[in-house]
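Derivation of every value follows stated rules applied to the coordinates shown; laboratory data play no part. As the structure is a prediction and not an experimental result, all values here were calculated from the model. Cβ sites come from the backbone with ideal geometry, for glycine too, and all protein chains shown count toward neighbours.
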Amino acid sequence: MSSTTFASPDIGLRIRRLRLSQGLTQKEFAAALGIVQGFLSAVESGKKKPSNTLIIALCQLHGIRREWLLSGEGETTLAAAPRPSAPPTGVGTPLLKRISLTFPDIDPADIEDYLRLPGLPPGCYALRFEGDFMAPTIGDGDLVIFEPGQQWDNKDIVLVTNRWGEVIMRRLRLRGDEVYLAAENASYVPFRPDPETRTLGKVLAIWRKVKI
């Protein structure tokens, strides 16, 4: 993990308070953050300091203000602003800059543009894909059209959250009664969703990035 940013000595107590407020054991809390229980125990007791990566994960996963986590000052959680829950009709498909943890609630500031694309049902969104996880099916810069919801079938490409709360795309595969999430790129290992994994939607169409 990366180096630790400045934090008051009692940051471990605030992390412990956050964990207990959610009724989680150290093992459960650590697993959701992608760290081992022993490290979390050392952080809570003040023997070790959390890294920048861990602080970011805590804030994103639990909606905690960074300022409170570092210093203990101010409000604990981020204020929730009123947000529209569905795309406005008649103006096209919203092209999102990102997908926040509050999805399907959308902050208008996260809408980059509106696209008019043929043959799509109402209520869809568009997103520019980044990375090589889904290559060659989806390339870096391609437009991905997806429909919000938790309905899926075997081999659908779905949008899910990983253990750090990030939104990723993976191919959903069923092996008997087991569910796996697999990248198209064979360099990445499939994984099983855990209880905290959220399914946010499924991909309906892919519009290739045009090379000029």
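Need one number: nm distance between label points at ALA135 and ILE56, each 7 Å from Cα along Cα→Cβ, rounded to one decimal.
Spacing of the two 7 Å Cα→Cβ label points: 2.2 nm.
Out of these labelled values of P(r) over Cα pairs in 10 Å bins from 0, in percent, (1) 9, 35, 34, 19, 4, 0; (2) 6, 19, 14, 15, 14, 11, 9, 6, 4, 2, 0; (3) 7, 28, 30, 24, 9, 1, which was calculated from the coordinates shown here?
Evaluating P(r) over Cα pairs in 10 Å bins from 0, in percent on these atoms matches (3).
Just to verify a number: FRET efficiency for LYS155 and GLN22, C-beta to C-beta distance, R0 = 45 Å, to 0.05?
0.85
Restricting to lysine pairs 8 or more places apart or on different chains, what number in the chain have Cα atoms under 28 Å apart?
So the count works out to 10.
Give the average over all directions of the projected area of the C-alpha convex hull of segment 11-71, one decimal, in nm².
3.5 nm²
Can you give the charge dipole size of segment 93-207 about its Cα centre, rounded to the nearest 20 debye, using +1 on the beta carbon of Lys and Arg and -1 on the beta carbon of Asp and Glu?
240 debye
For segment 121-191, how big is the tail of P(r) above 16 Å, as a whole percent of Cα pairs?
Result: 51 percent of Cα pairs exceed 16 Å.
What net charge is computed for the residues neighbouring CYS59, neighbours being all others with C-beta under 9 Å from the C-beta of CYS59, Lys and Arg scored +1, Asp and Glu -1?
Within the 9 Å Cβ shell, the charges total +2.
Give, as a single signed number, the net charge of other residues whose beta carbon lies under 13 Å from the beta carbon of ALA182, with Lys and Arg counted +1 and Asp and Glu -1.
Charge balance near ALA182 sits at +3.
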